[in-house]
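Would you mind keeping the following structure in view while I ask a few things?
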Amino acid sequence: MWTHRFAIATAVLTWLLLLVGGIVHGTGSSLACPDWPLCFGQFFPTMEGNVLVEHGHRLFASAVGLFTIGLCVAALRDGKRAHRAVPALSVFALALVIFQGVLGGLTVIYRLPTLISWAHLCTSMLFFATLITIAGLTRHVVNGQTRFHRDDVPPGVYALLVLTTVLCYAQLALGGLVRHTGGGLACLDIPLCRGSLLPLGEHPTVIIHAVHRLNGLLFALVLFITAPRLRRFLRRETDAARRGLLLALPLLMLVQIGLGILSVWSYLGLFYVTAHLGVGALLWGGLVLLCLSLRGSRGSAESDGGALVTASGQSGAV
């Protein structure tokens with residue numbers, strides 16, 4: 001189905017756009033084009049130096065916008081063949097990408113205001129999650145009709161998954177706040193921040209950085225508890241992809257922690273900071289996909305030996 005293909009392609013482009021956006025900020029190119037939507041009054045200015053980085057980011061964003069329009073058209077044309085939520089989600093994605101473009105313009109016009117720049121990042125993650133949701137809802141097609149299934153896991157375990165996902169988004173938002181308040185190097189000592197876990201009384205950027213670290217620690221702890229518990233309730237034969245994802249997410253978290261440390265030790269080295277953002281987005285996307293494909297059900301419970309007793313939802317379509 002074209003909707004699924006457009007959703008996958010747009011999600012991949014959006015992840016790459018997040019990396020490009022990180023490079024724009026990391027290279028100090030955010031105001032290389034002082035006007036918007038043109039650059040020095042031109043659609044194609046001389047593409048060199050910081051202008052290449054900033055205007056290239058705008059052109060890449062325009063491509064994402066065009067793909068989102070294609071996704072919306074495909075979803076609306078599929079109509080009743082698709083999951084009932086898909087057309088509405090595609091329109092929502094289009095609204096988000098337009099809003100994102102406006103935020104990007106306001107960021108330039110008002111010379112990088114912190115709240116607008118922060119909202120720009122937070123909205124991009126919501127947009128990314130919406131694309132992943134559409135891709136998940138349109139993954140399985142039987143006889144020309146979309147069939148979407150959610151497998152059952154115990155309610156408590158699913159609640160842990162939802163908590164992990166919320167903590168992930170909070171961590172991304174806090175990371176954006178650290179970046180856009182200029183607090184990336186507010187705490188140079190690791191694992192503490194100026195000698196304590198939460199240095200109250202210090203400058204707000206120091207506190208924000210410390211809270212980002214503390215939330216990251218909580219996020220990692222909950223993820224390391226949740227992932228192996230969920231794996232116990234997924235069958236090896238039919239849930240290989242999700243079992244693999246639950247194995248990959250903790251490994252990505254270890255990489256993410258290492259990138260965070262290296263970002264400080266390298267004094268915000270461009271590669272480490274950009275990779276830190278990219279891996280964070282992958283963690284977010286993976287957790288959203290798991291929340292979508294599973295559900296908490298009282299009909300699913302652990303057996304005496306801790307083995308699988310699930311998948312009552314395998315036979316029903318949402």
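Which members of the stretch 51-85 meet the condition of being touching a strand residue (DSSP E or B) at 6+ places or on another chain (Cβ under 9 Å), among the hydrophobic types (A, V, I, L, M, F, W, C) and buried (at least 20 other Cβ atoms within 10 Å of the Cβ)?
Kept after step one, since they are touching a strand residue (DSSP E or B) at 6+ places or on another chain (Cβ under 9 Å), are these residues of the stretch 51-85: 51, 54-55, 58, 78, 80-83.
Filter once more, keeping what is among the hydrophobic types (A, V, I, L, M, F, W, C): 51, 82.
Within the stretch 51-85, Ala82 is the sole residue that qualifies.
Sort out which residues of the stretch 102-121 are in contact with a Ser or Thr (Cβ under 9 Å, 6 or more places away or on another chain), of a type outside the set (A, V, I, L, M, F, W, C) and crowded, with 19+ Cβ neighbours inside 10 Å, and write them in order of number.
Answer for the stretch 102-121, where residues must be in contact with a Ser or Thr (Cβ under 9 Å, 6 or more places away or on another chain), of a type outside the set (A, V, I, L, M, F, W, C) and crowded, with 19+ Cβ neighbours inside 10 Å: Thr107, Ser117, His120.
Only one of (1) out of contact with any strand residue (DSSP E or B) (no Cβ under 9 Å at 6 or more places or on another chain); (2) modelled with pLDDT of 95 or more is not met by Ala159, so which one is it?
(1)
Further question on the same structure: Leu131 is checked against (1) surrounded by 21 or more Cβ atoms within 10 Å (Cβ to Cβ); (2) modelled with pLDDT under 95; (3) outside the structural domain of Val222 (by TED's automatic domain parsing) and fails just one. What number does that condition carry?
Result: Leu131 passes all but (2).
If only one of Val24, Val12 is under 27 Å from Gly280 (Cβ atoms), out of contact with any Cys (no Cβ under 7 Å at 6 or more places or on another chain) and surrounded by 15 or more Cβ atoms within 10 Å (Cβ to Cβ), which one is it?
Val24
Quick test for you: out of Ala210, Ala248, pick the one residue that is modelled with pLDDT of 95 or more, assigned by TED's automatic domain parsing to the domain that holds Pro154 and within 18 Å of the chain's Cα centre (by Cα).
Details: Ala210 fails: within 18 Å of the chain's Cα centre (by Cα).
Checking each option against the conditions leaves just Ala248.
Mind checking which residues of the stretch 27-50 are buried (at least 19 other Cβ atoms within 10 Å of the Cβ) and in contact with a strand residue (DSSP E or B) (Cβ under 7 Å, 6 or more places away or on another chain)?
As a first pass, look at the stretch 27-50 and keep what is buried (at least 19 other Cβ atoms within 10 Å of the Cβ): 29-30, 32-33, 39.
Result: Cys33, single match.
Mind counting the residues in the stretch 19-60 that are in contact (Cβ under 8 Å) with a residue 40 or more places away in the chain and in a loop (DSSP other than H, G, I, E, B)? Even if it seems obvious, please write down each step before you answer.
Just the residues of the stretch 19-60 that are in contact (Cβ under 8 Å) with a residue 40 or more places away in the chain, to begin with: 19-23, 25-27, 30-31, 33-37, 57-58, 60.
Now drop any that are not in a loop (DSSP other than H, G, I, E, B), which leaves 27, 30-31, 33-37.
So the count comes out to 8.
The values are calculated or read from the model by the stated rules, or taken from the named source; none is laboratory data. From a predicted model like this one, the values you see are computed outputs, not experimental measurements. In this analysis, Cβ positions are derived from the backbone assuming ideal geometry, glycine residues included, and neighbour counts consider all displayed protein chains.
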